[in-house]
Amino acid sequence: MNFNPLKEKGLPLEKQIRTWHDIAHRKFNKNDVNCYTRTRQILMNGIEVEAWNFKHNMARVCNHEDTLEFLAQTKRIEDAQQSTINWLAPSDQSVLETTLGYEQVAVDLTAWLAQNEPDPYVKETFDFGLLEDFDHLYRYAQWAYMVHGIEPDDIVQHQTDVMIGRPTQHHHNCNILRLRRAYDKSKASPQTKVNILTVLSGEQQTHNYYGEHGFEYGNELLRETYAEIKDVEEEHVTMYESLIDPTESFYEKLLMHEFTEVCTYHNCMEDELNDDIRAIWEQFLDIEINHLKTASELFKKYEKRDPEEIIGETVVHPCHFESQKEYVSKVLEKEVDKRLAKDKGYQYIKDIPDDWASYKIQDISGKDGAPSENTIRSIAVQQGKDIVVTSDKMRDKIPELMERGLQEKSLAPDTVKVDEYKKYHK
Ligand SMILES: [Fe+2]
Ligand SMILES: [Fe+2]
Ligand SMILES: [Fe+2]
Ligand SMILES: [Fe+2]
């Protein structure tokens, strides 16, 4: 469907200020919310955090008075949108329940983006990141069960598999290797640009959430698991942001940020099942159309170019959520043993040279063991088996996937080996 936001009216700036009640009072019920309403809520919080952060960064390097005025007025609007969306989560939703929601976002969003990404190199990067978040979901699911007795399907509602992916202890790289090749801003499609900014905002917010909440449980091993996975999310932010052409001007970036907000809200509005929450997406879409129109005027004035050259004439769909089990399984079977290479490419375990820069990081950080592996031991001690939710077909493949995915050279001392793991499934 064609929806050209520049041709829409939008909500005038003076009508965007809301009451404290309107900003803070709405919330969903964790027991009956659809899992994809929750993933939209988690993602859109990340989108607003990025919008707000970006505007502050731009304001610090900008000396155009009219732009500064626009930024000053809309930063607080983005901020209030963030409060409304983040605070939709009810107070009885635990940190670990929310965490499963975050990783479900990462898996199902990235899978959607990968299948709708026109640039094959960017797609490959999405597939690569996807398998790491997939493994995080499995590790956190053990903790949600151990600490709160939460079954993964209480949160992911049968839409997302929970099983081992590329093992988390192998996600720790020399961060230089995470740097990818940037797209060329004059050639990349609006879809590619919006896709990257969307997943980047989600990953950044995931990182921030683990940083803000990972210490809230008393259990030492759980704290360490949050620290370990938070560090991987830092790598993901580094990886996805490096795909963006660094020569884009601040005005071009401003345009892309507002356009990404428009596209994501539009997508949320079209997909939303909950009437109360759809009303929020609609209202916020209207707000973003207004922001985008002003950003376009500023772009024309200072860059002397047509904004449609950058954003095109219609919205893209960067955040449609639906079950991606089949796609994720395919990527898992194909790429569980894939790793980063130093030429900004990828390689398989069998081709990794002895001087691979990530070994150094893995040897140091994994010296006392990997919390993500100890997690599996803990659940085995407590329950006699780990928590896995997948089809029988995929379950049967776990030992083989483990064997391929584990990189012998840098295994942490307490790694659960294939034979031991097999016992959990007897
Ligand atoms: Fe916003
Ligand atoms: Fe993750
Ligand atoms: Fe991630
Ligand atoms: Fe905005």
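Quick note: the coordinates plus some simple rules give every number you see, no bench work behind them. Only a predicted model underlies this, so the values are computations on that prediction, with no experimental measurement involved. Cβ placement follows ideal geometry from the backbone for every residue including glycine, while neighbour counts extend to all protein chains displayed.
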On a full-extension model of 0.36 nm per residue, what is the gain between residue 305 and residue 187, subtracting their alpha-carbon distance, rounded to one decimal in nm?
40.9 nm
So, for the Cα atoms of the stretch 29-122, Rg and Dmax in Å stand at 16.7, 49
Calculated Rg and Dmax of the chain using C-alpha coordinates, Å:
21.6, 69
Estimated FRET transfer efficiency when R0 is 25 angstrom, pair residue 15-residue 270 (beta carbons, to 0.05):
0.60
Report the GluC sites (Glu not before Pro) located in the stretch 154-225 that are in a DSSP loop and have at most 14 other Cβ atoms inside 10 Å of their Cβ, or state none.
216
Using 13 Å as the cut-off for backbone N distance, which residues of the stretch 42-77 belong to the label zone defined by a point 7 Å from the Cα of residue 83 along Cα→Cβ?
76-77
Taking 7 Å along the Cα-to-C-beta vector as the label spot, tell me the residue 313-residue 354 distance in nanometres, rounded to one decimal.
6.1
Principal axes of the stretch 33-183: Cα extent on each, largest first, Å
54, 40, 28
Report the gain in length on full extension from residue 2 to residue 176: 0.36 nm times residue separation, minus Cα-Cα distance, nm rounded to one decimal.
58.6 nm
So the angle from the long Cα axis of helix 325-335 to the longest Cα principal axis of the chain, reported in degrees to the nearest 10, equals 60
Whole-Hz ³J(HN,Hα) from phi, Karplus 6.51 cos²θ - 1.76 cosθ + 1.60, for the stretch 198-203, glycine and proline x:
5, 5, 4, 5, x, 5
If the cut-off is a Cα-Cα distance under 19 Å, which aspartates and glutamates reach residue 187, setting aside same-chain residues fewer than 8 apart in sequence?
117, 119, 124, 241, 245, 248, 252, 303, 306, 308, 309, 313
From DSSP H assignment alone, runs of 4+ in the chain each adding -39500 (n - 2.57), the sum over residues rounded to the nearest 500 puts [θ] at 222 nm at -20500 deg cm²/dmol
Distance check, please: which entries in 9/300; 185/334; 325/393; 330/409 exceed 22 angstrom between their Cα atoms?
185/334; 330/409
Considering Cα pairs under 8 angstrom that are at least six residues apart, work out the relative contact order of the chain and quote it in whole percent.
24
First check a/c for the stretch 162-310, with a ≥ b ≥ c the square roots of the eigenvalues of its C-alpha gyration tensor; if it is under 1.5, answer rounded, and if not, answer prolate when a/b is larger than b/c or oblate otherwise.
oblate
